[in-house]
Amino acid sequence: ETGVTQTPRHLVMGMTNKKSLKCEQHLGHNAMYWYKQSAKKPLELMFVYSLEERVENNSVPSRFSPECPNSSHLFLHLHTLQPEDSALYLCASSQGQGRETQYFGPGTRLLVL
Amino acid sequence: GESVGLHLPTLSVQEGDNSIINCAYSNSASDYFIWYKQESGKGPQFIIDIRSNMDKRQGQRVTVLLNKTVKHLSLQIAATQPGDSAVYFCAENPPGTYKYIFGTGTRLKVLA
C-alpha cells in the first residue's frame, strides 16, 4: 500500500447524477493531485492542491469540482458528466509541490452511462 | 507539443530473462525522470528515478539508463518474475515545474 486511499473503487453514474470521489493520504504530505487515466492515453493532470490551496486547474471542465478541506483529504465532485468522462481517476500526493515523488492511490474506475 | 512515448506497447519476456523497456522523451531540458509500475487494478507505483546529471542508476533488480544525447530512457529488469507483469510508465519533469509528462505505457507480460 502506498498510503493513499481512494473511495469508491468503482462507480457507475448517469449523466444527471451527482457523485463525489474521495482521496485520503496518510503520509503527511502537503500536495495532492487528481489525474485522469483513459485507455491508451497518458495520465492527464487535472488539479493540484498545495497546502489546501488550488495551484493548478488544467483546463478541466466545470462539471468536475475539486475540494481540499485539509492536507490529508481531497475530493472530486462530479455532476452532469458525459460518457467520455468514463475513466480511471487517480489521486496522488507528494511531500511538497516541487521535484517530489508522487504517490498514487488505487484509483476510482468511473463509468458514465 | 511535448510528449513522452514508448517504443513498444507490449513486451513479452520469459521468466528469468532480463527485460528492457524503452522510452523516448522530447523535451531536451527535462532533467528528472521517473519510472512507474502499474499493476492491474492498482495505481502507478514508483520504481526508480534518475536525474539528468547521471547516466545510470541501479535499484533492486532494476536499472535505469539515461541517454541525453538521443533523449532516451530505459528500464532494465533483471531476472524477470511473474510479479513484474504490469504496465510501465516513464515520466519526464522539465525544470521549473512540478508537472510530470507521462508516456502511454508499455505492458510487460512474463511468460512462465
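Taken together, the values in this text are just the output of simple stated rules run on the coordinates, not laboratory data. What you see is a predicted model, and the numbers here were worked out from it, not measured in a lab. Heads up, the Cβs are rebuilt from the backbone with ideal geometry, glycines too, and the neighbour counts pull from every protein chain shown.
Listing for the model above:
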item: Computed label-point distance, nm, for sites A:R9 and B:S52 using a 7 Å Cα→Cβ extension; result: 4.1 nm
item: Summed residue charge, Cβ within 11 Å of B:K109's Cβ, Lys/Arg positive, Asp/Glu negative; result: -1
item: Neighbour net charge for B:I77 - beta-carbon separation under 11 angstrom, K R +1, D E -1; result: 0
item: Two-site label geometry, A:N57 and A:R109: point separation in nm, points 7 Å out along Cα→Cβ; result: 3.2 nm
item: FRET E, pair B:V70, B:T10, Förster distance 41 Å, beta-carbon r, rounded to 0.05; result: 0.95
item: Estimated distance in nm for a label pair at B:E39 and A:E67, the labels positioned 7 Å out from Cα along Cα-to-Cβ; result: 3.4 nm
